[in-house]
Structures are given as C-alpha cells and as structure tokens.
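Visitor: Just passing along the structure, written as structure tokens.
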Amino acid sequence: MSGKPRVWVSRPTFADIVARLEPYFEVTEEPVEQVFSGAELAARLAGQDAAIVGLKERIGAAEVAAATRLRIVANLGVGYDNLDLAALSAAGIAASNTADVLNESVADYAWAMMLGVARRMNAAERWLREGHWHATEFTAWLGLDMRGRTLGILGMGRIGQAIARRAAGFGMPVIYHNRSRLPAGDERECHAGYVDKERLLRESDFLMLALPLTAQTRHAIGAAELALMKPSAVLVNVARGGVVDDAALASALRQQRLAAAALDVFEGEPLVHPDLLRQDNVLLSPHIASASRDTRRAMTALAVDNVLALFGHGPHAGRPPTILNPHVLAS
Ligand code: GLV
C-alpha cells in the first residue's frame, strides 16, 4: 500500500477529472451508484483522509466518529443538509460544497419546469405516447401564458437571483422573500421587489422555491401557506424536499386549491408521495436540476479542487475555494 493519503469518491463521476487527484492520493471511486446505510458509510469513511460525496450520503455524528483520519468532506451539491456541519467542525474536519458553478444550470431547469407545467407538456406527451392522438381539439391542452403573471421567489440567494434575471424575457414581474433583503443594486439587476412571506404567497402566480433546507425552513410551505396561495397558482420546487410538506401539497392539488406543481425534489426521495404520482397536473423529475454535462463536470472539478487545496496542492493550495467551515483551517 502506498503512503499517499486516501480519497473515497462515493459515486461514479468523471474519470478524467478525478484523475487529477491521482498524483497525490490513493483514490477509491465507487463503480456504481448505490445508497449506503449509516454503517456502510462509516465503514467506507474509516481509514480515508478525504471524501467526495453526494447528497444521498448522510454524514452525521456516528459517521464522523468512525472517520478518525478524515480531514475533508467535499459535497457534490450546493445544499449540504446531508452533512452535520457542527459534528464535522467539532472533529476538525473541513466541509465544502459546489456553490456558484451550478447557478445558471439550475435556473435554466427551474424555468424549464415552470414552462413545462404551465403548458402541460408532461401530460400532453404522456397522452401522445399512449396513442390517444387522432385529432387535436382546438380547445384541448389549454395552458397558461407567462407574460404578465407574477413570479414569486422564496429564497433569493444566487440561484434565486439567476432565476429572477430570466423573468424579464418572459415579461413577468418578480417579487421575492428572503431571510434578508438584497442590496438595492441586486434588486434592480433582478427587477425584483421585496415582500413579506404572506404577500409573496398571496400574490404569486408562479411560486418558485430556491431556499436551502434547514431546521428553520423545514415545511416552509405547509397547509397554512398553501391555503394563502391563489387556487390558480403553480408551485415549483427546485430547492429541497422537506421545504414543502408533500402530503399537504398533494391534498391541496387534489382539492384544486392549487392549480399545478412542478417538483424536482421530494421529502424522503427517492420515494415520491403516491398522491403526487397519481396527478396529471404535477410535473415530476428525479432531482436533476443541476444535471447538465458542463455543470456536473464543473461540480466534480470544484470538489476535487477543494480536496487538493486542503492538502496543499493545486491553484488554491491551502484555501479550499468553497469551504463551509473555514474556522477549522485555523485549528
Ligand atoms: C442539488 O440539489 C444541490 O444542492 O446541488
């Protein structure tokens, strides 16, 4: 066995990018996508000096305790609710995410979902594939125009802002709510007006969720919030499962208290609430908003850069570019 530090990569990524680790590390990349139990994860992490993991790898206190040599966990995702950052920090382990490199790709996908559900593309395609197309009725498949409808954004970080910037081309006014109001220059650039959460819920024709999942944002959209929304409104979630109470959403859709939803993320994914699966006015996708080739490559490269940097290599030597807990570097 070589004396090099060891890196574990929890899922198949891009061989040419991961190869940049090889001069410095002994690299083990899992050859197939799989879901690890806590015990399997702990066993994989034991003996590793670094890990590149996906969002399905939930690293909590028990996994941290087992990872006695670990110095960094590089998350392949901007959200990091899968990591117990306090436990990692307490053990002196750095954590990083893939902030920024996926903003535009996720914003494109958010719009694709919004347009797709507004024009009923998913249901129409299913109908066509099932062989029902003999003639198209002039008044069938009527969807919603975007122009003039209000786009509301809950969570106005970098992804929310990228979504907002696209709205001008569709002629949509934008309102937003965020923990903290954006500086005036950013609001102007996004053509977005700050409102409180209740007004956002009441006035949005399309409500786009772009906020992280934290203890404070769990079920940010539940029965009470859905009840404030227009019955003609459309909800789009490209943020995280858990930000929405999926059972409450399914019930609002079933009772036509909400017109439609487009969802890339789910509570308890890969399981999807069965009532959401049954309804035609719901566009579903398997958590792929950042999944363009260029962006997934950029995310992999950034995770690799963070690992290299922590061990003093590469262009950012000593300063992992998207470290989440920089105070561990000082200790
Ligand atoms: C995807 O969901 C991410 O957090 O990057």
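The values are calculated or read from the model by the stated rules, or taken from the named source; none is laboratory data. Quantities reported herein were computed from a predicted structural model and do not represent experimental measurements. Glycine gets a Cβ as well: all are built from the backbone with ideal geometry, and neighbour counts include every protein chain shown. Ligands, DNA and RNA are excluded from the accessible area calculation, which covers all protein heavy atoms including side chains. Shrake-Rupley method; radii C 1.70, N 1.55, O 1.52, S 1.80 Å.
Visitor: Residue under question is residue 291, and the condition is that it be open to solvent by 60 Å² or more (accessible area, probe 1.4 Å), of a type in the set (A, V, I, L, M, F, W, C) and over 20 Å from residue 7 (Cα atoms); does it hold?
Guide: Judged against the criteria, residue 291 is not a match.
Visitor: Find the residue count for segment 1-48, including only residues that are assigned to a helix (DSSP H, G or I), out of contact with any helix residue (DSSP H, G or I) (no Cβ under 7 Å at 6 or more places or on another chain) and aliphatic (A, V, I, L, M).
Guide: Selection size over segment 1-48: 4.
Visitor: Another one. So, residue 51, is that one in a strand (DSSP E or B) and either open to solvent by less than 60 Å² (accessible area, probe 1.4 Å) or within 16 Å of the ligand (Cβ to nearest atom) (or both) or not?
Guide: Taking the combined requirement at face value, the residue satisfies it.
Visitor: Which condition number in (1) within 13 Å of the ligand (Cβ to nearest atom); (2) in the same structural domain as residue 240 (by TED's automatic domain parsing); (3) open to solvent by 30 Å² or more (accessible area, probe 1.4 Å) is the one that residue 155 fails?
Guide: (3) is the only condition that residue 155 fails.
Visitor: OK, next. Does residue 65 fit the bill of being within 16 Å of residue 294 (Cβ to Cβ) and more than 11 Å from the ligand (Cβ to nearest atom)?
Guide: no
Visitor: Now for a different question. Being closer than 22 Å to residue 91 by Cβ, in the same structural domain as residue 54 (by TED's automatic domain parsing) and touching a His at 6+ places or on another chain (Cβ under 6 Å) narrows it down to one residue among 309, 303; which is it?
Guide: After applying the criteria, what remains is 309.
Visitor: When segment 89-111 is examined, which residues are found to be aliphatic (A, V, I, L, M) and either within 10 Å of the ligand (Cβ to nearest atom) or under 18 Å from residue 309 (Cα atoms) (or both)?
Guide: 93, 94, 95, 99, 101, 102, 106
Visitor: Looking at segment 90-118, I want the residues that are closer than 30 Å to residue 326 by Cβ and among the acidic types (Asp, Glu) and have a partner that is in a helix (DSSP H, G or I) and more than 12 Å from the ligand (Cβ to nearest atom) with Cβ atoms under 9 Å, at least 6 apart or on another chain. Which pairs are those?
Guide: 104/162
Visitor: Assuming residue 242 fulfils every condition listed in (1) open to solvent by less than 70 Å² (accessible area, probe 1.4 Å); (2) outside any loop (DSSP other than H, G, I, E, B); (3) in contact (Cβ under 8 Å) with a residue 24 or more places away in the chain apart from one, which condition is it?
Guide: Against the list (1) open to solvent by less than 70 Å² (accessible area, probe 1.4 Å); (2) outside any loop (DSSP other than H, G, I, E, B); (3) in contact (Cβ under 8 Å) with a residue 24 or more places away in the chain, residue 242 comes up short only on (2).
Visitor: Given (1) touching a strand residue (DSSP E or B) at 6+ places or on another chain (Cβ under 9 Å); (2) outside the structural domain of residue 214 (by TED's automatic domain parsing); (3) open to solvent by less than 50 Å² (accessible area, probe 1.4 Å), where does residue 17 come up short, assuming only one miss?
Guide: The failed condition is (1).
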